[in-house]
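Let me begin by presenting the structure, written as structure tokens, before commenting on it.
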Amino acid sequence: MLYLYLLVLPWAVDYESVPKTVVIQFVVSFMMISIDCISREIQNSFGYDANDLPLDDYCESILIGLNFALNYRMPKALDTGEGTMQNS
């Protein structure tokens, strides 16, 4: 659809000034095709290409943090109240 729009655009711009029409067509085409390429890269960000997000590393980091949080045990001195200021 974008390329159809870019093909019809020269007829929508002023006919009297051909150099102006060529410059406008080039600038608009460059911007629209660039935005299209950027949106395609952003749309498919979860994969294994060089510029994709490292989701495996993120998940592994979360897993390590959760394992630490769930398996953490209080030290015996703090757990029984020995050696704390509360029993003094």
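The values are calculated or read from the model by the stated rules, or taken from the named source; none is laboratory data. If you're wondering where the values come from, they're calculated on a predicted model, not measured in any experiment. Positions of Cβ are generated from backbone atoms using ideal geometry, with glycine treated the same way; all protein chains shown enter the neighbour counts. Side chains are part of the model used for accessible areas, which takes the heavy atoms of the whole protein and leaves out ligands, DNA and RNA. Shrake-Rupley method; radii C 1.70, N 1.55, O 1.52, S 1.80 Å.
Some notes on this structure:
- Residue that is least open to solvent (accessible area, probe 1.4 Å) [pool: residues in the stretch 25-56 that are touching a helix residue (DSSP H, G or I) at 6+ places or on another chain (Cβ under 8 Å) and aliphatic (A, V, I, L, M)]: 28
- Selected residue (criterion: modelled with the highest pLDDT) from residues of the stretch 39-64 that are of a type in the set (Ser, Thr, Tyr) and not in a helix (DSSP H, G or I): 48
- Residue tally, condition surrounded by 10 or more Cβ atoms within 10 Å (Cβ to Cβ) and either hydroxyl-bearing (Ser, Thr, Tyr) or at pLDDT 90 or above (or both), over the stretch 67-76: 0
- Filtered by the rule that a residue be open to solvent by less than 80 Å² (accessible area, probe 1.4 Å) and outside any helix (DSSP H, G or I), the stretch 1-24 gives 13, 14, 17.
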